[in-house]
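The values are calculated or read from the model by the stated rules, or taken from the named source; none is laboratory data. Since this is a predicted model, take the numbers as computed values, not measurements. Every residue, glycine among them, receives a Cβ derived from its backbone with ideal geometry; neighbour counts consider all protein chains shown. Please note that ligands, DNA and RNA were not included when accessible areas were found on the heavy atoms of the full protein model with its side chains. Shrake-Rupley method; radii C 1.70, N 1.55, O 1.52, S 1.80 Å.
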Amino acid sequence: QVQLVESGGGLVQPGGSLRLSCAASGSIITIHRMGWYRQAPGKQRDLVAQITRGGFAIYADPVKGRFTISRDNAKNTVYLQMNSLKPEDTAVYYCNGFLKAYGSVSNRDYWGQGTQVTVSS
């Protein structure tokens, strides 16, 4: 069993900051890639940022320069520092891990339950 648990969402005013965390636990052998996706009401789930085990990161254009993704491999944890937040950043943020678990034949994606981020005055 593998679990991804997010924390750190909430309500923040425009221009403010939040830091999301996601800890993976369970029968994990290796986590190759971790990332954050978001889904606003009525819209599809989109990639926000992603980071490899070696630290290579990519960002969606709307968040470049404002969000920073990082990870602690020893803790199987990924973080998303969100600065200069805008109302359009409002969404449910989901943690994703592409990993190899004990008992699995191949790597696969795992998802957290999501955490709400609301940017509003």
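Okay, here's what the table says:
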read-out	value
Separation of the residue 107 and residue 47 label points, Cα + 7 Å toward Cβ, nm	1.3 nm
Whole-percent carbon and sulfur share, accessible surface of the chain, 1.4 Å	48 percent
For the chain, share of DSSP beta bridges that run antiparallel, in % to the nearest 5	95 percent
Max mean-square fluctuation residue, GNM over the chain, Cα-Cα springs under 10 Å, options 105, 92, 63	105
Formal net charge of residues neighbouring residue 52 (Cβ-Cβ distance under 12 Å; K, R +1; D, E -1)	+3
Positive-end residue, the chain charge dipole about Cα centroid, Cβ charges, pick of 81, 56, 24	56
Inter-site label distance for residue 17 and residue 32 at 7 Å from Cα along Cβ, in nm	3.4 nm
Under 21 Å, Cα to Cα: Lys pairs in the chain, sequence gap 8 or more or different chains	4
Computed magnitude of the charge dipole of the chain (debye, nearest 20; Cβ of K, R +1, Cβ of D, E -1)	200 debye
